[in-house]
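Written out below as structure tokens is the structure these notes cover.
The values are calculated or read from the model by the stated rules, or taken from the named source; none is laboratory data. Since the model is a prediction, treat every value here as computed from it, not as a measurement. Note that we place each Cβ from the backbone using ideal geometry, even for glycine, and neighbour counts take in every protein chain shown. What goes into the accessible areas is simple: the full protein's heavy atoms, side chains included, and nothing from ligands, DNA or RNA. Shrake-Rupley method; radii C 1.70, N 1.55, O 1.52, S 1.80 Å.
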Amino acid sequence: MRAFRECARHVWNTYFQPLDDGWHEFINVEQALFSALVLEQIHLPEGQWRKDPTGYYPAIKVMFEVPPRGLPVLRAEHVPEMNVHQWEETRLTVPEFDLRFVEFFDFANLDGPRDFRYVKVRVLGAATPGLVGKDLLIEALDVTFEQPKA
């Protein structure tokens, strides 16, 4: 996952970001890089590593450790009248979460440089029921990735 993050960051910033509408051309390149560097390396039977129809990868579990003051994350709250997500800061204070990978994420303009600073995750299970089904942004350096146990 970290190799994919670095590769996608470099390829975007070096080759696609300078192009007019480079974001449009990068979509398929990013997916091909993810498939080759991550999905093909998982070694699961065909179809078990595909993206869930709601947007997350069931085969990629995201783990984190809770520091003494809690782990700061951003929680997505959908604003229906504007059809956007508003990100609100919260802290995770217990490790009992089932998080799955959605994508690497940056707050950037479509044509701006990217660092993929955050990991966007979907909460499948949590000690705090109100977070189940929500998307969170966690600093990429604060997480590890693993395949869920069968």
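Some points to look at:
- Residue 88 being part of a strand (DSSP E or B) and exposed (fewer than 12 other Cβ atoms within 10 Å of the Cβ): yes
- Candidates 41, 48: the one that is more than 22 Å from residue 114 (Cβ to Cβ), assigned to a helix (DSSP H, G or I), out of contact with any His (no Cβ under 7 Å at 6 or more places or on another chain) and not β-branched (Val, Ile, Thr) is 41.
- Scanning region 69-85 for residues being open to solvent by 70 Å² or more (accessible area, probe 1.4 Å) and part of a strand (DSSP E or B) gives a total of 2.
- Screening residue 95 with (1) under 12 Å from the mean Cα position of the chain (by Cα); (2) open to solvent by 60 Å² or more (accessible area, probe 1.4 Å); (3) of a type outside the set (Ser, Thr, Tyr); (4) closer than 14 Å to residue 61 by Cα gives one miss only, at (1).
- Just one of (1) of a type in the set (A, V, I, L, M, F, W, C); (2) under 25 Å from residue 109 (Cβ atoms); (3) part of a helix (DSSP H, G or I) fails for residue 19. It is (3).
- Residue 122 being farther than 26 Å from residue 10 by Cβ, in contact (Cβ under 8 Å) with a residue 40 or more places away in the chain and not in a loop (DSSP other than H, G, I, E, B): yes
- Residue that is touching a Ser or Thr at 6+ places or on another chain (Cβ under 9 Å) and farther than 26 Å from residue 38 by Cα, where the choices are 94, 84: 94
- Across region 116-131, the number of residues qualifying as modelled with pLDDT under 95 and open to solvent by 50 Å² or more (accessible area, probe 1.4 Å) comes to 4.
- Among (1) within 13 Å of the chain's Cα centre (by Cα); (2) assigned to a strand (DSSP E or B); (3) not small (Gly, Ala, Ser), the one test that residue 116 misses: (2)
- Candidates 60, 27 - the one that is under 14 Å from residue 104 (Cα atoms), outside any helix (DSSP H, G or I) and not small (Gly, Ala, Ser): 60
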